[in-house]
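S.K.: One structure is given below, represented as structure tokens, and several questions about it will come after.
The values are calculated or read from the model by the stated rules, or taken from the named source; none is laboratory data. Here the structure is a predicted model, which means the values were calculated and not measured. With ideal geometry, Cβ positions are generated from the backbone for all residues, glycine too; neighbour counts draw on all protein chains shown.
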Amino acid sequence: MSAPTDPVITVLVADDEEDQRVLIDSILRGAEGIRHVVTTVSDGHAALAALRERVFDVALLDLSMPGLDGLAVLEAVAGDPARPQVIFVSGHGTVATATRAMKLGAYDFVEKPVERERLLTLVWKAAEARRVHAKTERLEAMVSRDVGGVRIVTEDPRMHGVLELLQRVAPSDVSVLVTGESGTGKELVARLLHRLSGRHQEPLVALNCAAVSEALAESELFGHEKGAFTGAATRKIGLIEVADGGTLFLDEIGDLDLALQAKLLRALETKQFRRVGGVKEIPTDFRLVSATNRPLQALVDEGVFRGDLYYRINAIVLDLPPLRERPGDIALLARHFLEDLHPGEAAAWSISPEAMRVLESYAWPGNVRELRNVVERGALLAPDRTLRVSDLGTSLGTETASREGEDGAGTASLPALDLGTLERMAVEAALERTGWHQGRAAELLGISDRTLHRKIRGFGLRRPE
């Protein structure tokens with residue numbers, strides 16, 4: 001059995017002969033020092049469906065399969081930047097088919113019956129070629145992400161996985177659900193999805209479902225006709241209509257009222273909607289990107305979120321890890337924020353080793369948004385162009401470190417805390433930084449005013465005299 005640290009290669013095996021599938025599967029799974037995660041299918045249509053649903057390093061395709069042969073499958077995914085390296089398996093290959101396959105980008109051929117060592121060697125080399133290609137694409141994508149004000153800075157492997165999936169699904173119209181805690185960058189991901197899509201020249205419109213009242217949300221989304229209700233003096237165009245041809249981003253979709261969830265589901269399924277007070281069906285064509293920091297499946301179980309809508313919006317899920325699980329990104333992001341604050345003179349700015357230790361030891365309940373605010377505050381308060389512990393504020397637990405000086409003798413690391421304590425700390429920090437301006441504090445935390453008010457009451461917080 002392979003150790004958990006062994007290299008992992010994901011392989012798709014498509015062959016209509018069951019004995020061949022079993023043979024290849026047993027060879028790959030029996031390899032020493034490499035763990036092959038193998039998926040087997042029996043025809044070309046199933047192979048194509050698997051390639052569109054998952055990312056594989058290598059695909060072993062039989063040239064002769066019912067429905068779609070191996071060449072047709074490769075041709076269908078040839079333009080997909082996330083496609084695997086393809087090795088054809090055949091008992092009767094010809095020069096003509098080999099030439100066509102190579103033009104489409106096939107990696108190599110293997111003849112039946114397959115020979116164990118040759119198969120394992122080819123799969124390994126093909127997987128390595130796939131990884132080199134993927135790395136090159138990521139580097140090119142980092143350049144393109146900086147265009148149009150959309151840039152995601154990370155060296156975290158899990159975030160790289162999210163971005164790889166994002167790049168693959170961005171050109172499609174499939175609905176995407178972005179999950180993660182407040183401050184992890186869900187809106188930035190939505191903007192990047194739009195930027196890399198075929199709809200990028202059309203509008204991206206956004207609505208924070210937690211920031212509008214239930215009474216106004218329907219009008220915001222669907223618009224209304226003149227006289228639809230008291231105060232509707234003119235016709236209003238809703239965001240679904242504005243987003244026609246582009247992307248609609250619904251942040252905190254878990255806070256959407258059940259009645260509106262039903263109307264949204266109908267608009268997604270029929271590509272038509274009615275304004276409030278209207279009878280005319282208006283056609284619309286938008287790509288939906290949703291975001292939430294709440295467990296939607298649990299909300300479905302509780303009956304406060306529609307199951308049919310949930311299954312409609314989560315065709316692709318991009319789960320953003322919290323900053324505390326990306327410790328390697330803290331220094332990278334801190335320096336990036338300094339560059340944003342001081343373009344052209346960022347090289348003159350630095351962060352002291354002691355301050356960096358404080359940043360890297362803090363739990364960051366407010367995630368990347370909180371880190372940016374701390375760096376911005378520090379840059380404003382720093383007497384010179386070096387951020388020190390004393391410039392970071394007391395909410396990071398820096399008082400002791402400040403008293404003990406910049407000699408590294410103290411420690412600013414926080415003890416392990418439960419989520420409730422971390423949430424209270426984030427609320428207190430936001431209120432302190434905004435002078436108890438609840439509107440700005442709610443914006444800083446990425447929650448609605450009413451949610452913040454509820455948390456203030458729940459935690460028993462009081463404004464300082």
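S.K.: Which of the residues spanning region 431-449 are part of a helix (DSSP H, G or I) and surrounded by 14 or more Cβ atoms within 10 Å (Cβ to Cβ)?
M.R.: LEU431, GLU432, ARG433, GLN438, ARG440, ALA441, ALA442, GLU443, LEU444, LEU445, ASP449
S.K.: I've got another one for you. I want to confirm something. Restricting to region 301-327 and keeping residues that are β-branched (Val, Ile, Thr) and either in contact (Cβ under 8 Å) with a residue 60 or more places away in the chain or not assigned by TED's automatic domain parsing to the domain that holds HIS160 (or both), which single residue is nearest to LEU258 (Cα to Cα)?
M.R.: Filtering first and then ranking leaves ILE313.
S.K.: Surrounded by 17 or more Cβ atoms within 10 Å (Cβ to Cβ), assigned by TED's automatic domain parsing to the domain that holds GLU225 and more than 30 Å from LYS226 (Cα to Cα): which single residue out of ALA298, ALA355, ALA291, ALA334 fits that description?
M.R.: Testing whether each residue is surrounded by 17 or more Cβ atoms within 10 Å (Cβ to Cβ), assigned by TED's automatic domain parsing to the domain that holds GLU225 and more than 30 Å from LYS226 (Cα to Cα) leaves just ALA291.
S.K.: Let me ask something additional. How do the helices (runs of 4 or more DSSP H) wholly within region 1-85 filter down when requiring 3 or more residues that are at pLDDT below 90, out of contact with any strand residue (DSSP E or B) (no Cβ under 6 Å at 6 or more places or on another chain) and not basic (Lys, Arg): which remain?
M.R.: Hits in region 1-85: 44-53, 70-77.
S.K.: May I pose another question? With respect to the numbered conditions (1) under 24 Å from ARG168 (Cβ atoms); (2) touching a residue at least 60 places away in the same chain (Cβ under 8 Å); (3) of a type in the set (A, V, I, L, M); (4) buried (at least 19 other Cβ atoms within 10 Å of the Cβ), which one is the sole condition not fulfilled by VAL55?
M.R.: Only one criterion is unmet by VAL55, namely (4).
S.K.: Condition first: of a type outside the set (Lys, Arg), part of a helix (DSSP H, G or I), closer than 30 Å to LEU196 by Cβ and modelled with pLDDT under 90. Can you find one or more residues in region 102-124 that meet it?
M.R.: Taking every residue of region 102-124 in turn, at least one turns out to be of a type outside the set (Lys, Arg), part of a helix (DSSP H, G or I), closer than 30 Å to LEU196 by Cβ and modelled with pLDDT under 90.
S.K.: For ARG385, are the conditions met, namely being touching a Phe, Trp or Tyr at 6+ places or on another chain (Cβ under 6 Å), over 30 Å from THR179 (Cβ atoms) and not assigned by TED's automatic domain parsing to the domain that holds LEU188?
M.R.: Taking the combined requirement at face value, the residue satisfies it.
S.K.: Taking the residues in region 373-387 that are outside any helix (DSSP H, G or I) and touching a helix residue (DSSP H, G or I) at 6+ places or on another chain (Cβ under 9 Å) as candidates, determine which candidate is surrounded by the most Cβ atoms within 10 Å (Cβ to Cβ).
M.R.: Among residues in region 373-387 that are outside any helix (DSSP H, G or I) and touching a helix residue (DSSP H, G or I) at 6+ places or on another chain (Cβ under 9 Å), the one surrounded by the most Cβ atoms within 10 Å (Cβ to Cβ) is LEU387.
S.K.: Here are GLY245, GLY223, GLY231, GLY238: which of them is assigned by TED's automatic domain parsing to the domain that holds VAL174, at positive phi and crowded, with 17+ Cβ neighbours inside 10 Å?
M.R.: Exactly one of GLY245, GLY223, GLY231, GLY238 is assigned by TED's automatic domain parsing to the domain that holds VAL174, at positive phi and crowded, with 17+ Cβ neighbours inside 10 Å, namely GLY223.
S.K.: Output the qualifying pairs, or none if there are none: Cβ atoms under 9 angstrom, residues six or more apart or on different chains, first residue in region 345-372 and touching a residue at least 12 places away in the same chain (Cβ under 8 Å) and outside any helix (DSSP H, G or I), second residue surrounded by fewer than 18 Cβ atoms within 10 Å (Cβ to Cβ) and among the acidic types (Asp, Glu).
M.R.: Close Cβ pairs (under 9 Å, with a partner that is surrounded by fewer than 18 Cβ atoms within 10 Å (Cβ to Cβ) and among the acidic types (Asp, Glu)) amount to TRP349/GLU339; SER352/GLU406.
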